[in-house]
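Student: Below is the structure I would like to discuss, written out as structure tokens.
Coordinate-derived values only; no laboratory data. Keep in mind that what you see is a predicted model, and the values were worked out from it rather than measured. Virtual Cβ from ideal backbone geometry, glycine too; neighbours counted across all protein chains shown.
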Amino acid sequence: MGSTVIAGIAGTLLSLTPIPHAGAAYSAGAAADAILMVFYLQNRGAPIMMFPLPIQIPVGYIVIFSGAIETAYLFYYGFPLFYWVLLFGLGAGYFWYIAFLRRGASVGLSERVYGLKNAYYRWKRRRAARKFQVYMRKHDRNVYFDEYGNYKPPDDKRDDGRGGWVN
């Protein structure tokens, strides 16, 4: 459904330009193309059977064939909006796969989100450590913190990169 919305938005934006001639983009062809593209990207070597043909055809050939037919119709009929939206369906399926369905994309996204959150908390710890150092210097005591804002006791002489105690 998301790829259909993407193809619809792209078709609507394209209809506002003078590129396509008049025409309507109505059908589920963009959704079918998007589903076909996502299926191909998830199962690259899978053979599927098209309805009238009793033989199995690799899904990659079907994607290429449908994209070539839609491109040929696009040029033959003078760039109508309908065929643009069908091609946007293939592109939207590819985009949807890259953005949301790739195995590394969800892990990468969550790592970025939690990385930003952890960077924020490290910044807060360093800031609090600097404030505490200033406070303790006013009372003639020296305290030490590592680069992450973790307290280092004065009797701790280790220099192995591990921080001290953290609450």
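Student: With a point put 7 Å past each Cα toward its Cβ, work out how far A128 is from R102 in nm, to one decimal.
Tutor: Modelled inter-label distance: 3.8 nm.
Student: Under a point spin-label approximation (7 Å from Cα along Cα-to-Cβ), what is the D140-Q56 distance to one decimal in nm?
Tutor: Label at D140, label at Q56, 8.6 nm between them.
Student: Between A119 and I9, what is 0.36 nm times their sequence separation minus the Cα-Cα distance? Round to one decimal in nm. Walk me through the numbers on the way to the answer.
Tutor: Working: separation 110, 0.36 × 110 = 39.60 nm, distance 3.60 nm.
Full extension from A119 to I9 adds 36.0 nm.
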